[in-house]
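This report refers to the structure that appears directly beneath it.
All of the numbers you see were taken from the coordinates with simple rules; none came from a lab. Every value quoted in this text rests on a predicted model; they were computed, and no experiment measured them. Don't worry about glycine lacking a Cβ; one is built from the backbone with ideal geometry, like all the others, and counts go over all protein chains shown.
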Amino acid sequence: MNKKRDRKSYNPDDKVSISRKHLLENVPVSELCNELNLKPTVFYRWQKELFENGSSVFKKNNSKKIKQYEERIDSLEAIIIRKNEVLADLLEEYLRLKKNSGQS
């Protein structure tokens, strides 16, 4: 008879939190694994990935900043275009009123 095991899926924040418990709170790996029904090899794989990729947290993400600046520029350009349209409408209305009042 096959028993289907329920596997829990852990998101990256969960994995960091679990690793943090071991590293900062000195909770033994065996205790964490028993508590979470997790194989120690899985825990150590997460820890290895954390150490190998941890430096990416400290790297500057220039592409993200560039994208934010581009979005800000697009937003400001849209505002300028809208202001120019409103200004053109006001100028047109002013000239129409001036012409209708008989002023030159």
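Each residue of region 60-104 gets 43 Å³ once the volume of the Cα convex hull is shared out per residue. Modelled this way, with points 7 Å down the Cα-to-C-beta line, the labels at residue 30 and residue 45 are 2.3 nm from one another. When 63, 17 are arranged by Cβ crowding within 10 Å, least crowded first, meaning fewest neighbours, the order is 63, 17. Placing dummy labels 7 Å off each Cα toward the beta-carbon, the span from residue 17 to residue 56 is 2.1 nm. A simple spin-label model places the labels of residue 91 and residue 77 2.1 nm from each other, with each point 7 Å out along Cα-to-Cβ.
Per residue, the Cα convex hull of region 9-86 amounts to 137 Å³.
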